[in-house]
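Each remark here refers to the structure printed beneath this line.
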Amino acid sequence: MKLFQLITARRLFSTKVDKKLPSGVAYKIMKFLKASDDEEAFYNKQLLSILEKYGVKGSDGKLKVVNGKINTLPDKTKVCQEEINELELTDVNAPSAFITIGELEPFDFSIAEMAVLDDFIIEK
């Protein structure tokens, strides 16, 4: 599995963590999130390193955030994106936390969101 797939699934499940769910479903989602904590930490650390290397910095030497975004140095945009793409395509082991399609009933998902979760859903 690619790191980007795992991170995207984590983000999707993370948007649901405050929803009251049956205990079994909440437990499975919590296990999935815990099982992929290290991968998210790795992704965030590597992404920050890439942005530190190619991002525009303010006079204080820190990354400059404009409208919630970090802009890259104009002549480094392509190489920055290539490094981010390479990071996202890193192979990782999928967590062994799976959820059945029936257990996802309390949620409303778009087709695109279901596609993100597809590798973690088992039909029963």
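Only the coordinates and a few stated rules stand behind these numbers; no lab work does. Just so it is clear, the structure is predicted and the values come from calculations on it, not from any experiment. All Cβ positions, even for glycine, are placed from backbone atoms using ideal geometry, and neighbour counts span all protein chains on display.
Structural remarks
- Ignoring lysines fewer than eight residues from Lys28 along the same chain, the ones with Cα atoms less than 19 angstrom from its Cα are Lys16, Lys19, Lys20, Lys124.
- Scalar couplings 3J(HN,Hα) for the range 76-92, obtained by applying the Karplus form with A = 6.51, B = -1.76, C = 1.60 to θ = phi - 60°, are 10, 4, 5, 5, 4, 5, 4, 5, 5, 4, 4, 4, 5, 8, 4, 6, 9 Hz; x denotes Gly and Pro.
- Taking amide H as placed 1.01 Å from N in the peptide plane, Ile70 has no amide H partner under 5 Å among residues 5 or more places away or on another chain.
- Take every Cα pair under 8 Å whose residues are at least 6 apart in sequence, average their separation, divide by the length of the range 3-122, and the relative contact order is 35 percent.
- Cross-link partners of Lys78 among lysines (Cα-Cα below 26 Å; sequence separation of 8 or more within a chain): Lys2, Lys45, Lys53, Lys57, Lys62, Lys64, Lys69
- Charged side chains reduced to their Cβ positions (Lys and Arg at +1, Asp and Glu at -1) give the range 1-83 a dipole of some 340 debye around its Cα centre.
- Between helix 37-54 and the chain: long-axis angle, C-alpha atoms, 0 to 90°, nearest 10: 20
- Taking amide H atoms as placed 1.01 Å from N in the peptide plane, the amide H of Thr100 lies under 5 Å from those of Ile122, each 5 or more residues away in sequence or on another chain.
- Checking (i) 115; (ii) 133; (iii) 263 against the coordinates, the calculated volume of the Cα convex hull per residue in Å³ falls under label (ii).
- MRE, 222 nm, helices only [DSSP H, n ≥ 4, -39500 (n - 2.57), over the chain, to nearest 500]: -15500 deg cm²/dmol
- For Lys57, the residues whose modelled amide H falls within less than 5 Å of its own, excluding neighbours fewer than 5 places apart on the same chain, are Lys64.
- For the range 106-117, Karplus couplings with θ = phi - 60° (6.51, -1.76, 1.60), whole Hz, Gly/Pro x: x, 9, 10, 10, 7, 4, 4, 5, 5, 4, 5, 8
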